[in-house]
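The values are calculated or read from the model by the stated rules, or taken from the named source; none is laboratory data. Quick caveat, the model's predicted, so the values are computed rather than measured. When we count neighbours, we look across all protein chains shown, and the Cβ atoms used for this are built from the backbone with ideal geometry, even at glycine. Heavy atoms of the whole protein, side chains included, go into the accessibility calculation; ligands, DNA and RNA do not. Shrake-Rupley method; radii C 1.70, N 1.55, O 1.52, S 1.80 Å.
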2 protein chains.
Amino acid sequence: MEQVKIMLSEKELPQRWYNIQPDLPAPLAPPIHPGTHKPLTPEDLAPIFPMELIKQEVTMEPWVEIPDEVLRLYRLWRPTPLCRAYRLEEALGTPARIYYKDESVSPPGSHKPNTAVAQAYYNKQEGVKRLCTETGAGQWGSALALGCCLFGLDCTVYMVRVSYEQKPYRKLLMQSWGATVHPSPTNLTQAGRSILAKDPDSTGSLGMAISEAVEDAASSEDAKYSLGSVLNHVLLHQTVVGLEAKEQLRIAGEQPDVITGCVGGGSNYAGLCFPFVKDKLDGRDIDIIACEPTACPTLTRGAYRYDFGDTAQLTPLLKMYTLGHSFVPPPIHAGGLRYHGDAPLMCLLVNQNVIEARAYHQNTVFDAALTFARTEGKLCAPETAHCIKAAIDEALKCKETGEEKCILIAYSGHGFFDLAAYEQYFANELEDYEYPQQSIEEAMKTIPVVDESPGE
Amino acid sequence: MEQVKIMLSEKELPQRWYNIQPDLPAPLAPPIHPGTHKPLTPEDLAPIFPMELIKQEVTMEPWVEIPDEVLRLYRLWRPTPLCRAYRLEEALGTPARIYYKDESVSPPGSHKPNTAVAQAYYNKQEGVKRLCTETGAGQWGSALALGCCLFGLDCTVYMVRVSYEQKPYRKLLMQSWGATVHPSPTNLTQAGRSILAKDPDSTGSLGMAISEAVEDAASSEDAKYSLGSVLNHVLLHQTVVGLEAKEQLRIAGEQPDVITGCVGGGSNYAGLCFPFVKDKLDGRDIDIIACEPTACPTLTRGAYRYDFGDTAQLTPLLKMYTLGHSFVPPPIHAGGLRYHGDAPLMCLLVNQNVIEARAYHQNTVFDAALTFARTEGKLCAPETAHCIKAAIDEALKCKETGEEKCILIAYSGHGFFDLAAYEQYFANELEDYEYPQQSIEEAMKTIPVVDESPGE
């Protein structure tokens, strides 16, 4: 009988994270200070991040040891299964072999705790008592709540008010793990108060919530800030996913020809694909496909420029594909993919043509999710559905050409908290957004002009 | 480093279900016809169940082969992990070793698909095209929707109207797997129409939904009815859980001293404990503890009598602990435990003092769930929380006595669809119900009088 799940034992859990920085095909442009436009120093970041994470942000060591305490907690759900999607293959009639790496088995249901647990650990090590963060729909907030809970840290989450009110379930999950969750904007920070002074009924935004969380951390003696994607150290922690998948494929006697993943901030897909990117840079032929929504087409239509990470222009400037920090994507249900920029590491690899980007409309993405649910049994998150769509497209191409490709999917999360999105899909109420070029260019006008003289 | 998860490979999946019937310490009283009060014949059941399941209902073979097609689908999520709850043990400061068998990893998030997939298979084998069932909060309906989807059967679910309207998420899960879900009572059946004629605004009940599903199945050429608990064949299918757990504990070098599980209809706990019940009957000292809510104290305060399975008095009479088929439990959040009766097999073992029953209040049960979530990371269903409470009590007893007992928990499902219940708990809005003896006795007056002359 066919084997569906390729499992690793806990002893086979990777002991090190893979750092792609020394293997990059071009130098990574450094983050720069929003005021001086000079490269950021560790001291600039020290008020909000612990020193060990600042070091990981810039390290050129190819491997970083995973601390025992982090490994111990990873074992609550890791190694995660690599599954062969036999029934999907049969339904498509494809000669391709489709595998998916299932990160939905973690307690909050996504890849996010891989870094949440690590960040909580390093903060705890440096005497931090409380972590502050922002969250939109709550995927990241719930992961950090878990991470803090497991290490005995307090956790303060600024949750975009409209989500706080309309999507109470992830808020309750955070509270179950002991986090304090505030609907943002609040009266608790200067940033929040000034927003409320102008608009007492503000429903909030991720940009506002970032401002509040950073201010809270920077102004508290024993608190730091924590970010769930975009930064190098976050992507580093996620590589445990790809390292496991690589070993599992080796056991199955496979090497991937195609890898698909969805990209919002970039950490989920980087986690899976970076260990394989190294193989591609070493000469192996792999199609590495980053999937995003047409409603927020950062990689496919953005400019590769320095831009702010937030709408309030408070963060350092990062070199990345960006639609402009003032870009406001429509309210699509893949909330995790509604970011105007992307991780600099991911963007560099797209810019260097190592990773290819594709954008998809909502309805075609939900079609793919339903095909997956009705064959493999599992209901995925709307974000994850994007790369299932890409994998199905690739498998159908194989059906035409007869190629027996091995396709690997980054199955980043389940859809149990997203059933309202499925409801809209069933009711034919999902809109497929497509931007006129002019409106994209309009948002890009807010991207700051930075001197990028070579050799800096 | 300690090993948290004891995994079995797919090859180690049990190939047979364990049938407890030949090992029972007393003869099982047969189901009897509601009209004639004579033992039910296979012909009586043929209009609503396929013959193979009717055979399994009465077989005295100690083992029943699991068909290859069922094993193939079990492999989508089975074998499930057996986890050691190290962090819970540490938090309690107990010398006890606590394990939990995690059935929450199935696609709908509970043990239910173990029988749903098997029932769909046998129906498909006998040419059935569609299965009908009832569901309350939707746990069983979603499992059967999945089972039918995987075998290409149509699935019609009569969902209690109040749940259909107030808890839309499991309904959407069923629809994702292609099921047709009706809010019950409907205008589609005679039973539904007669209820609506009397009360056009009826919010429905499980009893009404059963009547509609049975009528739909019995009056359709190519449809049958499917039940998610109580009956012998359902409990048989669930023993795959206990057989796996037994092998996993053997690998860990353990034998359980205490086993806890929650009981609504009885199939979840029977699935885990029956293979160990055999050991107890063979002389091993094991405390097998069935946990129920004080709000529906079937095993702890019910009468061991023949009673109807439904409020409408349409089903066969079963010998079981019952609070009376007219008993209406209060709206506690452990919806899966709100049944006036229990599986006859489970009840016989309680009556024979092989299994002990305990009842718990809601708030203490949610306290236990939160302790578990904040140590082990996983948020359980309110039903599952009952046996976590019992396990914590037992572990704390070990702390007092110094006994190093091995405790096994039936972790039957996750709580992602029950966060509204946690919200009420956080808000101190959960009521702890306790019945005066008089009101229990009142409900029991509706239990029919049946001649149970010995030797029948």
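Rounded to the nearest 500, what is the 222 nm mean residue ellipticity of the protein assembly as shown from helices alone, with -39500 (n - 2.57) per DSSP H run of 4+ residues and division by all residues?
Estimated from H runs of four or more residues: -12000 deg cm²/dmol.
Listed here are the pairs A:224/A:319; A:167/B:198; A:278/A:378; A:389/B:167; which of them are more than 26 Å apart at the Cα?
Distance filter (> 26 Å) returns A:167/B:198; A:278/A:378; A:389/B:167.
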For the protein assembly as shown, share of DSSP beta bridges that run antiparallel, in % to the nearest 5: 35 percent
Gyration tensor verdict on segment B:256-381 (Cα atoms; rounded if a/c is under 1.5, prolate if a/b is larger than b/c, oblate otherwise): oblate
For segment B:108-199: rounded, prolate or oblate by the Cα gyration tensor [a/c cutoff 1.5]: oblate
Charge dipole magnitude, Cβ of K and R +1, D and E -1 - segment A:104-209, Cα centre, debye nearest 20: 80 debye
Space enclosed by the convex hull of the alpha-carbon atoms of segment A:342-456, per residue, Å³: 185 Å³
Segment B:22-60-segment B:385-412 distance, computed between alpha-carbon centres (Å): 36 Å
Positive-end residue, chain A charge dipole about Cα centroid, Cβ charges, pick of A:328, A:377, A:396: A:377
Interface residues in segment B:409-424 - accessible area drops by 30 Å² or more relative to the isolated chain, probe 1.4 Å: B:416, B:417, B:419, B:423
Column: log10 I(q)/I(0), Debye, Cα scatterers of the protein assembly as shown, q = 0.06, 0.08, 0.10 Å⁻¹: -0.41, -0.73, -1.11
Global form of segment A:153-204, assessed from the alpha-carbon gyration tensor, a/c cut-off 1.5: oblate
With every protein chain in place, segment B:255-368: carbon and sulfur % of accessible area (1.4 Å): 45 percent
Under the Karplus curve 6.51 cos²θ - 1.76 cosθ + 1.60, θ = phi - 60°, whole-Hz ³J(HN,Hα) for segment A:355-361, x wherever Gly or Pro sits: 10, 9, 10, 9, 10, 10, 7
Buried area at the B-A interface (accessible, heavy atoms, 1.4 Å probe, summed, Å²): 4200 Å²
Bridge type composition, chain A - antiparallel percent by DSSP, nearest 5: 35 percent
Per-pair calculated FRET efficiency, R0 = 51 Å: residue A:198 and residue B:162 via Cβ, rounded to 0.05: 0.75
Unit charges on C-beta of K, R, D, E only; dipole of the protein assembly as shown, Debye: 300 debye
Spacing of the two label points (7 Å from each Cα toward its C-beta) at residue B:2 and residue A:438, in nm: 6.5 nm
0 to 90° range, to nearest 10: angle between helix A:206-218 axis and chain A longest Cα axis: 60 degrees
Percent antiparallel among DSSP beta bridges (both partners in segment A:26-180, rounded to 5): 35 percent
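Keeping all protein chains in place, calculate the accessible area per residue for segment B:282-375 (probe 1.4 angstrom), answer in Å².
Ligands and nucleic acids excluded, the result is 30 Å² per residue.
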Spherically averaged projected area in nm², based on the convex hull that wraps the Cα atoms of segment B:169-312: 12.6 nm²
Projected area averaged over orientations for segment B:1-146, convex hull of C-alpha atoms, nm²: 12.8 nm²
Top positive-direction residue, dipole computed over segment A:239-361 with Cβ charges, set A:353, A:303, A:293: A:303
Residues in segment B:175-192 that, when all protein chains are in place, have 50 Å² or more less accessible area than the chain alone would give (probe 1.4 Å): B:176
Euclidean distance between Cα centres, segment A:75-133 to segment B:186-233, Å: 41 Å
Cα-based Kirkwood hydrodynamic radius, chain B, one decimal, Å: 22.0 Å
Relative contact order (percent, whole number), chain A, Cα cutoff 8 Å, 6+ residue spacing: 19 percent
Cross-link pairs beyond the 29 Å C-alpha cut-off, checked among A:112/A:246; A:101/B:11; A:55/A:129; B:101/B:399; A:5/B:124; B:171/B:445: B:171/B:445
Using alpha-carbon coordinates, inclination of helix B:139-151 to the longest axis of chain B, degrees: 80 degrees
Whole-number accessible area per residue in Å² for segment B:11-128, which is evaluated in the context of all protein chains at 1.4 Å: 38 Å²
Most positive-pole-ward Cα, B:25, B:64, B:46, against dipole of segment B:8-73 from beta carbon charges: B:25
Dipole moment magnitude, nearest 20 debye, segment A:296-418 about Cα centre, only Lys, Arg, Asp, Glu C-beta charged: 140 debye
